[in-house]
């Protein structure tokens, strides 16, 4: 298993993601100007503030050569995980539906949250359904993490089993629609979530529940 | 501030007549405009430390573990053979009082640059903030802006904010304090000093372009009292760009990793002027800079503006001529600036050129070391010189008193603030804010961990500058002990009023002596620091506020105890030479009873208690440990109980045998107290030579029950928690 972690100027959590990926295989950084994903089995688009995120989170990163390569990789069925800023980038790139808006509190928030792993139906392309745990304790930290999509899109996502994670009752830190913390594409190989599984891979830093997310993505080739 | 006089440009720039005469004497002629601007900045209090440098010579700065001491961009201590931990605290008080968001943001940016200038990757930020009471609109505005600014910069650049403290006192109403501390990790063989070296070497400016922002920040803003019309000083506050800094940081670390730089210095206060002069001074060389080569934001900038601009996110590097192209290529990779703007020379001058023509020429020595150092004229003031109005009724019951203390903004939970900071990026944070008394960070590179704490209670220093400053050092040492850590080094930021006033001079003198004595007694070297003077508003000076940051070492990040109780049924005990009194306490403040004077701390006894706690934590003998601080033992018990969601029942009778009244036992303050919990036999085994352990009671139930003679109290845990968590609501409204 070889992981590629995309690095933009302004990425913050790329080394954390690299470490987390390294626990289940090899991992290397992919520079934002590179289109080279040769030999990579799964891609992580990590957290941070790509290109400063001054315009709108992820709005510039979508135009990078690396993201063009990631879009082709995803279209060919390759597993892609977007975390926080990576989730924002995947939404901007139209690899995932919806958008991430400024938190309801209008403030950055950093706290441990409980996630309910949404029931995934295998016949709907549920390639992420090998997460055995019902709830995961994972930290969230973001200023623009309020998931939003039109109601009809949300209905469709629910019907398709594309809601991957919801904040457990009382844990929604940002006002996300229907408590949605993470979604995946219809094919099931692209997953994005706001909380940070790469910061939950070691009991020393608080939790190991994030490991399950990486394992699920590793097995999510469409 | 001196009265502006159109006929005396040097006065407008903050120089006295005699200082101006000295400049003329050193140059042998009158300075031109460029030279005068540069002198005025380097001879400002902010850059020259002209009222504090003599005092600072008292501080112990040497130790086995010191890798870099005062005089470098930051201090550093060794952690194992190969790794060094760099750290420094710095103030950004006046910019934050004028424009809190950008003032605090650029304060963080500046301290980060100080640390990566050494070749250290920043791994943690802590901040120490002081504001007026939160019932004032101005204080809420300053607090909100400062917290957002710190978060904006630290979160965006990917360095976790792992700890800090916030105090609210009326004396900070006009002049808030924003002190930021950064901790970094370096490979010792990749570290670099700030001294310029090698005649003929190139001087490369790395990072952002230079604009008109922050002109005169160090002299006009940082070295004078605040007063009417400060809004007009907003243009002297710099604007931060964390994205640019993130690129500059990665670029500089890559350059140092490849061994491409001879030396590196950040551009902070006084911009190019101070960086170039200080690098030249440290290296005993001269420097030529051509301002025509400096990339500008506005094309029509004058040479003096380019030399004094405080535009952020810039670094100055000395590079061998043959490697300049490689350096610029790395800058291009990181999409940041890299421009050859000058050269190291052997003429001992700072020469400013414009397209080859000399527009300013000054001996390095005159600029950097020529500023006269002033002796203070201290005089001890009589009694308590600050106001203090009662806010708590005299007949409040003990339970009401505890609730009032828990809700007091300086004691209450600061979750509202620290949740706005990313505290976990970097995967090193073993203890998040408020889960332990010190932040704990894993350092797998050295197979070890560090604990970091930042402290300083200005009110107690106001009561007794000597004892209060000793207590600040002890508080840090106690916090580290709670994490099982042994102190390695200390940094400090001395925030005081106008040193030309005798009472402030006396506070400064006594405080520095306390700092020196406490560090000496604990064997902790001072490896760096910062002085911020003239912190006064129209209503007078701030409380004298030395802020102490301490870094300690522990063998394993797992071997730390939480501050909250762990399990029902555990025994609770008090360890250490804690002899509480109401002098300078939070309760004395609420009652309007503040007065001069504090008991003199017994540093050796506290050090022995710290050693015992450190050993107990490392051996896993305590399930929780929390140092007894603001609000006394009752507040420490409540905090440990709230954090665990478990009540407690204790009897303070044994403490009263130390001669304190029931009220002092409950709410009195003083150094040396550790609240510990765990198995009763293990706790008792911690008593030893010079270390007392008093059994207090047990963890459990849903109330906080404290027997203290005629002041006994019982309080439902939920009520205590509501009071302790009450700070956020009025701030977000």
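Laboratory data are not the source of any read-out in this text; all were calculated from the coordinates shown. These figures come from a predicted structure and were not determined experimentally. Cβ: placed from backbone, ideal geometry, glycine included. Neighbour counts: every protein chain shown.
Relative contact order for chain B using alpha-carbon pairs under 8 Å, separation at least 6, rounded to a whole percent?
That works out to 15 percent.
How many angstrom lie between the Cα centre of region A:27-74 and the Cα centre of region A:79-120?
Cα centroid to Cα centroid, the span is 16 Å.
Cα axis of helix B:100-116 to longest principal axis of chain B: angle in degrees, 0 to 90, nearest 10?
Approximately 80 degrees, to the nearest 10.
Among the DSSP beta bridges whose two residues both lie in the protein assembly as shown, what percent are antiparallel, rounded to the nearest 5?
Roughly 75 percent of the beta bridges in the protein assembly as shown run antiparallel, per DSSP.
If you rank B:46, B:654, B:152 by fewest surrounding Cβ atoms within 10 Å, what's the result?
Ascending number of Cβ neighbours within 10 Å: B:654, B:152, B:46.
Given region B:1-139 reduced to its alpha-carbon atoms as identical point scatterers, what log10 I(q)/I(0) does the Debye formula return at q = 0.15 Å⁻¹?
These q points yield log10 I(q)/I(0) values of -1.01.
Rounded to whole Å, give me the distance from the Cα center of region B:433-467 to that of region B:346-390.
Region B:433-467 and region B:346-390 have Cα centres separated by 31 Å.
Roughly how many nanometres apart are two label points built 7 Å out from the Cα toward the Cβ at residue B:684 and residue B:395?
Each label point is offset 7 Å from its Cα along the Cβ direction, giving 4.5 nm.
Kirkwood Rh, chain B, all Cα pairs: how many Å?
It is 26.0 Å.
For region B:57-159, what size does the Cα cloud have along each of its three principal axes, sorted from largest down, in whole Å?
Computed over region B:57-159, the largest-to-smallest principal extents equal 50, 35, 18 Å.
Take the Cα gyration tensor of the protein assembly as shown, multiply each eigenvalue by 5, square-root it, and list the three semi-axes largest first, rounded to whole angstrom.
So the three semi-axes of the protein assembly as shown are 42, 41, 24 Å.
Could you tell me the relative contact order of region B:14-369? Use alpha-carbon pairs under 8 Å, at least six residues apart, and round to a whole percent.
Relative contact order of region B:14-369: 22 percent.
Using Cα pairs under 8 angstrom and six or more residues apart, how large is the relative contact order of chain A, in percent?
Relative contact order comes out at 21 percent.
Among DSSP beta bridges whose residues both lie in region B:599-733, state the antiparallel percentage, nearest 5.
75
Angle check, please: helix B:137-157 long axis (alpha carbons) against the longest principal axis of chain B (alpha carbons), in degrees 0 to 90, nearest 10.
So the inclination is approximately 70 degrees.
Nearest 5 percent is fine: what portion of the DSSP beta bridges confined to region A:2-218 is antiparallel?
60
May I ask you to derive the FRET efficiency for residue A:151 and residue B:190 from their Cβ-Cβ distance with R0 = 51 Å, giving the value to the nearest 0.05?
0.40
Show me the ranking of peptides A:4-14, B:106-116, A:145-155 by mean Cβ neighbours inside 10 Å, starting with the highest.
Highest mean packing first, the order is B:106-116, A:4-14, A:145-155.
Give me the angle, in degrees from 0 to 90, between the Cα long axis of helix B:324-333 and the longest principal axis of the Cα atoms of chain B, rounded to the nearest 10.
Its long axis makes an angle of about 50 degrees.
Would you mind ranking B:581, B:545, B:504 by Cβ crowding within 10 Å, fewest neighbours first?
B:581, B:504, B:545
Tell me, in nm to one decimal, what length is gained between residue B:21 and residue B:137 on full extension, where the rule is 0.36 nm per residue of separation less the Cα-Cα distance?
Going from the current span to full extension adds 37.2 nm.
Determine, for A:28, B:618, the number of other Cβ atoms within 10 Å of each Cβ, and report the residues in order from fewest to most.
A:28, B:618
On a C-alpha basis, how far is the centre of region A:160-195 from the centre of region B:6-26 in Å? Whole number, if you could?
If you average the Cα positions of each part, the centres end up 65 Å apart.
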